[in-house]
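Working notes, structure below.
The values are calculated or read from the model by the stated rules, or taken from the named source; none is laboratory data. The structure displayed is predicted, hence computed values, not measured ones. So basically every Cβ, Gly included, is an ideal-geometry build from the backbone, and we count neighbours across all protein chains shown. With ligands, DNA and RNA removed, areas are computed over all heavy atoms of the protein, side chains included. Shrake-Rupley method; radii C 1.70, N 1.55, O 1.52, S 1.80 Å.
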Amino acid sequence: MKLISAYTSHANDQQALLVFHHYHSNPNLIAWNSILKSLSSHNKWTQTLHYFNTLLLLDSSISPDEYTFTSVLKACAGLLVTKKGEKTHGMVLRRGHHSNLFIMNSLVDMYFKFRQVRVARLLFDEMCVKDVVSWNTLISGYCSTGDVIGARELFDVMVERSIVSWSAMIAGYTHSGDLDKARDLFDKMPERNVICWNAMIAGYAQNERYSDAIRLFREMQRPVESGRILTPNDVTLVCVLSACAHLGALDLGKWVHGFIKRKKMELNLFLGNALCDMYAKSGCIAEAKEIFHRMIHKDVVSWSIIISGLAMHGKAKEALVCFSDMRSMGINPNDITFLGVLSACTHAGLVEDGIRYFDLMCLEFEIPPKVEHYGCMVDLLSRAGRLEEAEGMIQTMKVAPNVVVWGALLGGCRIHSDIDRGQRVVERILELDPEHPGSYVYLYNAYSSAGRLEDAAACRLKMRSRQVVKTPACSWIEVNTTVYEFFMGDRSHPRIEQILEATRELSGKLRVVGYRPDTSVVSQSIDEEEKENALSMHSEKLAFAFGLISTSEGTLIRIVKNLRVCNDCHDWMKLASTAVNREIILRDRSRFHHFKDGSCSCNDYW
Ligand code: ZN
Ligand code: ZN
């Protein structure tokens, strides 16, 4: 028996099962309960129910007790088997366990999982004894069904709140996106453990408030009144690493890596994946590869991270080799893996390979392509000038094409000067997004260069009347482990005057070596001088200028941008890398640009 529980607590249910079968030709209730607990706590719910049924069939002299039922009810809840759950509930009543606290708590939890809120509440109200677990179950239950207000009402009337109650309420708010209320509670907590911090940090990360996640993590590192510092666990670090990955906050990411090493933490699957992803997305593909190779267990997520990472860095051949390694290890790719593979092909212009992998995905692995996969394929075909095929693919898509897919075809029409098709595509795009800024700019430029000045003028009028708005462009740069955020035209930074001065000065220098502002990317409704000013306020230029004045000479500058880098900024960065002798790594929406000595790693193909 001791052996079974030992294996149970060491997360090895296979061993526990082996011992169970070996030693017990005639198991007693304690043995049965040990094995049921082991299975249910490892989420082996089908097996839990199987063993429970065997127990009932084999030995009618054994009468299941509270330990048996809590495991079984948990399995019913996990599998969402309503009939079996209700049957077990009946058994509980017949055997007179209806006043047992543990069983009642499990029942309340089960009915919430079944989404039978009314039944759960009725059971709770009828309980003669309730403990803090009962209340917490109710609060988590209401939160899980999206009724945060109901949960809060209960929370407010609770006599005794545990840390779990607070954490459940905080998680409820963060899941519904109400971070202010979550933070308000978090700040009011009388005491906090690592789980509470994790709930709040994860809440920020899941709601894409990455800077806030990082700020809170820093606060966690500050000693509390007793002088004690809370040690983050792997859940905390995974959240922080994901925030770092999104913001390209490499210094902090490296600090986390150092922390893992110092504390001799095991590089488990989740932590390894998060670390690898952080390095890959922060422009350090060599470090990402190192982590990847050091991980003992790798799953399809790990392989997908490294394949997409290599693709983003323009290492298409390596990404494809990785893909075949993965398959020879017997790991099946999923839709995300294929997205990495296809984007590798797109970034490198490998048309035939792309088509082959697309077919492999659809036909052999029977993975239905999503709109993102089509986006890659249409992009690939369009750039290669196979516009007919690209348009054909859109017409036969199994999901509705979005603006990105049509936009990829439009890009091809621009490169290969196919005005007729371009016009058709623009119509489609404007049906989906009447404000789509790129379409008007495309049409205007296409008409102008074809000498169709009347059409061009009409297009310009339309643009003005529609007041085209875009997603605000935003760039991040990390200086001394703090992440700074710049929006396009943003003047909120305290050193904005110095930043603008640095941009002006640099643009002047660049003009001497041949920089010509590409004003075609700016909205057509403003005059030339304003256009140039608007260009110099692009978020990546602001971030770069800030990096320039706040880091020492020769320091590599890393910037992350949420949208695609524009032609003008791309040219500007290339020239700037020589003029001020700095290497620049800029990650945009889909790939890395490594600017060095006047050229970019993407070979102007992005
Ligand atoms: Zn720009
Ligand atoms: Zn580039």
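Rounding to the nearest 10 and keeping the result within 0 to 90°, find how far the Cα-based axis of helix 45-58 lies from the longest principal axis of the chain.
20
Once phi is turned into ³J(HN,Hα) by the Karplus curve 6.51 cos²θ - 1.76 cosθ + 1.60 with θ = phi - 60°, what whole-Hz value does each residue of segment 276-293 show in order, with x for glycine and proline?
Each residue of segment 276-293 in turn: 4, 5, 4, 5, 4, 7, 9, x, 10, 5, 5, 5, 4, 5, 4, 4, 4, 6 Hz.
Using only Cα atoms, tell me the angle between helix 316-328 and the longest principal axis of the chain; keep it within 0 to 90° and round to the nearest 10.
20
Tell me the relative contact order for the chain as a rounded percent, counting alpha carbon contacts under 8 Å between residues six or more apart.
Contact order relative to length: 6 percent.
Tell me the net charge near residue 381. Cut-off is 14 Å between Cβ atoms, residue 381 excluded, with +1 for each Lys or Arg and -1 for each Asp or Glu.
Residues near residue 381 contribute -4 overall.
For segment 19-167, what does the alpha-carbon gyration tensor say about shape, rounded, prolate or oblate, given a ≥ b ≥ c as the root eigenvalues, a/c under 1.5 as rounded, and a/b over b/c as prolate?
Prolate shape, in that a/c is at least 1.5 and a/b is the bigger ratio.
Between rounded, prolate and oblate, where does segment 378-454 land on the alpha carbon gyration tensor, with a ≥ b ≥ c its root eigenvalues, rounded for a/c under 1.5, else prolate if a/b exceeds b/c?
Oblate.
Leaving out ligands, DNA and RNA, and with a 1.4 Å probe, what % of the accessible surface on the chain is carbon or sulfur? Walk me through the numbers before you get to the answer.
On the way: 15750 of 29620 Å².
Using a 1.4 Å probe with all protein chains present, the chain comes out at 53 percent carbon and sulfur.
Once you place label points 7 Å from the Cα toward the Cβ at residue 567 and residue 431, how far apart are they in nm?
Taking the simple label geometry, residue 567 and residue 431 are separated by 2.8 nm.
Relative to the longest principal axis of the C-alpha atoms of the chain, give the angle of the C-alpha long axis of helix 250-262, reported between 0 and 90° and rounded to the nearest 10°.
So the helix axis and the longest Cα principal axis differ by about 30 degrees.
Using the structure shown, select from 281/561; 298/561; 44/74; 74/113; 261/289 the pairs with a Cα to Cα distance greater than 20 angstrom.
Check vs 20 Å cut-off fails for 298/561.
Between residue 94 and residue 147, take the C-beta separation as r, use R0 = 41 Å, and let me know the FRET efficiency to the nearest 0.05.
Step by step, r from the Cβ atoms, then E = 0.80.
If R₀ is 51 angstrom, what is the calculated FRET efficiency for the pair residue 42 and residue 556, using the beta carbon separation as r and rounding to 0.05? Don't skip to the answer; put the middle values down first.
Working: r = 46 Å, r/R0 = 0.90.
E(calc), rounded to 0.05, equals 0.65.
Could you run the Karplus curve 6.51 cos²θ - 1.76 cosθ + 1.60 with θ = phi - 60° over segment 155-160 and give me ³J(HN,Hα) per residue in whole Hz, x for Gly and Pro?
The phi angles translate into 4, 5, 9, 4, 6, 10 Hz.
Could you do me a favour and compute the accessible area per residue for the chain, 1.4 Å probe, result in Å²?
That works out to 49 Å² per residue.
Would you mind computing, in nm to one decimal, how far apart the modelled labels at residue 423 and residue 188 are, each placed 7 Å from Cα along Cα→Cβ?
Here the modelled spin labels are 6.4 nm apart.
If packing is taken as the average count of other Cβ atoms within 10 Å, what order do 235-243, 573-581 fall into, highest mean first?
So the peptides 235-243, 573-581, ranked by packing, come out 235-243, 573-581.
Treating only the Cβ of Lys, Arg, Asp and Glu as charged (+1, +1, -1, -1), what charge dipole size does segment 32-138 show about its Cα centre? Round to the nearest 20 debye.
It works out to roughly 380 debye.
What does the C-alpha gyration tensor say about the overall shape of segment 98-170? Classify as rounded when a/c is under 1.5, otherwise prolate if a/b is larger than b/c, or oblate. If you can, show how the numbers build up before the last one.
Working: a/c = 1.78, a/b = 1.19, b/c = 1.50.
It is oblate, given that a/c is not under 1.5 and a/b is not larger than b/c.
What is the sum of charges around residue 134, taking Lys and Arg as +1, Asp and Glu as -1, for the other residues whose C-beta is under 12 Å from the C-beta of residue 134?
-3
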